[in-house]
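What follows is a set of notes on a single structure, which appears directly below.
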Amino acid sequence: ETGVTQSPTHLIKTRGQQVTLRCSSQSGHNTVSWYQQALGQGPQFIFQYYREEENGRGNFPPRFSGLQFPNYSSELNVNALELDDSALYLCASSFSFGNEQFFGPGTRLTVL
Amino acid sequence: GIQVEQSPPDLILQEGANSTLRCNFSDSVNNLQWFHQNPWGQLINLFYIPSGTKQNGRLSATTVATERYSLLYISSSQTTDSGVYFCARHILTGGGNKLTFGTGTQLKVEL
């Protein structure tokens, strides 16, 4: 059974640029959630995708957007990067929402 | 908003010692997860425990939903137990659900 994978591992961008992060869900899972973890804090919920549709959103601006594909993999896109977007971005998958979530290793984004 | 508070915030143990980490909620619990975040940032699932008690090796967890708290027990701690421990509760939101994380307990196990 393949676990949750994310790419890239690390990324450095400059302010104003755009970034795309990718996540492959665990085998058999159809729900993907994205979280942002700033240094020294717990992860914060960005949004969740279920069957290719956004299924809940946290307190993040519209420049944070996402997609889920038919194979249940997902992308997180962030436009107009700001310095405060520097964080660890975590993807979690589950079999339907409401069930146990399993996390990938994360993408560490640095915005200069 | 719904609060999830963890205590203690920091903990230093000698190898072999036991410890109890606590998670308090401001509202009722539907589902709860405990995680260990290793130094590389990976969140490792420890328990999925909406209520009752579960055990996995040296670790066990108890959730008392009516009292709005959960406890994580670590026995015979090892240096590899070091890292940050998070509890997170599931919250329904707009048809889906999200995890709301606590503030974490930073654990260091020394030789």
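Please enumerate the residues belonging to segment A:41-91 that are part of a strand (DSSP E or B), of a type in the set (D, E, K, R) and within 14 Å of the chain's Cα centre (by Cα).
A:Glu54, A:Arg57, A:Glu75
Return the residue satisfying two criteria in turn: it lies in segment A:12-25 and is more than 14 Å from the chain's Cα centre (by Cα) and not in a strand (DSSP E or B), and of such residues it is surrounded by the most Cβ atoms within 10 Å (Cβ to Cβ). Lay out the reasoning, then the answer.
Our first condition is that a residue be more than 14 Å from the chain's Cα centre (by Cα); within segment A:12-25, this holds for A:12-18.
With the extra rule that they be not in a strand (DSSP E or B), the set shrinks to A:14-18.
Numbers: A:Thr14: 10, A:Arg15: 11, A:Gly16: 10, A:Gln17: 13, A:Gln18: 11.
That would be A:Gln17.
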Problem set entry | In segment B:20-50, the residues that are in contact with a Ser or Thr (Cβ under 7 Å, 6 or more places away or on another chain), hydrophobic (A, V, I, L, M, F, W, C) and in a strand (DSSP E or B) | B:Leu21, B:Cys23, B:Leu32
Seminar exercise, completed: A careful count of residues in segment A:35-72 that are under 18 Å from B:Gly96 (Cβ atoms) and at the interface with chain B (Cβ under 10 Å from one of its Cβ atoms) gives 16
Exercise. How many residues are assigned to a loop (DSSP other than H, G, I, E, B) and more than 9 Å from chain A (Cβ to nearest Cβ) if we restrict to segment B:51-108?
Worked result: 9
For this session: Find the residue count for segment A:74-112, including only residues that are closer than 18 Å to A:Thr14 by Cβ, surrounded by 20 or more Cβ atoms within 10 Å (Cβ to Cβ) and within 14 Å of another protein chain (Cβ to nearest Cβ).
Result: 4
For this session: Those residues that are part of a loop (DSSP other than H, G, I, E, B) and among the hydrophobic types (A, V, I, L, M, F, W, C), I need them from segment A:92-102; list them, please.
Result: A:Phe95, A:Phe97
Exercise. In the list B:Val29, B:Val4, B:Val109, which residue meets the criterion of being within 27 Å of A:Glu54 (Cα to Cα), aliphatic (A, V, I, L, M) and over 13 Å from the mean Cα position of the chain (by Cα)?
Worked result: B:Val29
Problem set entry | The listed residue being surrounded by 18 or more Cβ atoms within 10 Å (Cβ to Cβ), touching a Pro at 6+ places or on another chain (Cβ under 7 Å) and either at pLDDT 95 or above or under 21 Å from A:Ile46 (Cβ atoms) (or both), out of B:Phe86, B:Phe101 | B:Phe101
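The values are calculated or read from the model by the stated rules, or taken from the named source; none is laboratory data. Since this is a predicted model, take the numbers as computed values, not measurements. Because the Cβ atoms are built from the backbone with ideal geometry, glycine has one as well, and the counts that use them run over all protein chains shown.
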